[in-house]
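Let me begin by presenting the structure, written as structure tokens, before commenting on it.
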């Protein structure tokens with residue numbers, strides 16, 4: 001995940017989708033995912049009309065990255081188990 005999107009937190013907190021700025025929570029709301037179990041991390045632009053957003057799904061205990069287009073259609077999804085990635089540090093760093 002970090003190879004493709006950079007280190008966690010290195011992306012933006014607002015993404016200009018087709019020139020219009022959108023906060024990460026606004027983007028999640030379009031997919032009805034603006035819920036307490038989802039913790040936004042960062043996002044960005046990949047190229048012509050392709051964007052990404054990364055968040056933590058607290059219920060599944062995993063990092064998730066969605067790629068989407070300017071119509072907010074999800075084009076791909078990547079999930080990484082938080083325990084496999086961070087080990088026990090995941091709990092200390094994210095739940096405070």
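Values computed for the structure shown
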| read-out | value |
| --- | --- |
| Given (1) at pLDDT below 95; (2) closer than 23 Å to residue 31 by Cα; (3) surrounded by 14 or more Cβ atoms within 10 Å (Cβ to Cβ), index of the condition residue 90 fails | (2) |
| Spans of strands (runs of 3 or more DSSP E) in the stretch 1-53 with at least 1 residues in contact with a helix residue (DSSP H, G or I) (Cβ under 6 Å, 6 or more places away or on another chain) and surrounded by 15 or more Cβ atoms within 10 Å (Cβ to Cβ) | 38-47 |
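The values are calculated or read from the model by the stated rules, or taken from the named source; none is laboratory data. Computed from a predicted structure; not experimentally measured. Methodologically, a virtual Cβ is constructed for each residue, glycine included, from the backbone with ideal geometry; neighbour enumeration extends over all protein chains shown.
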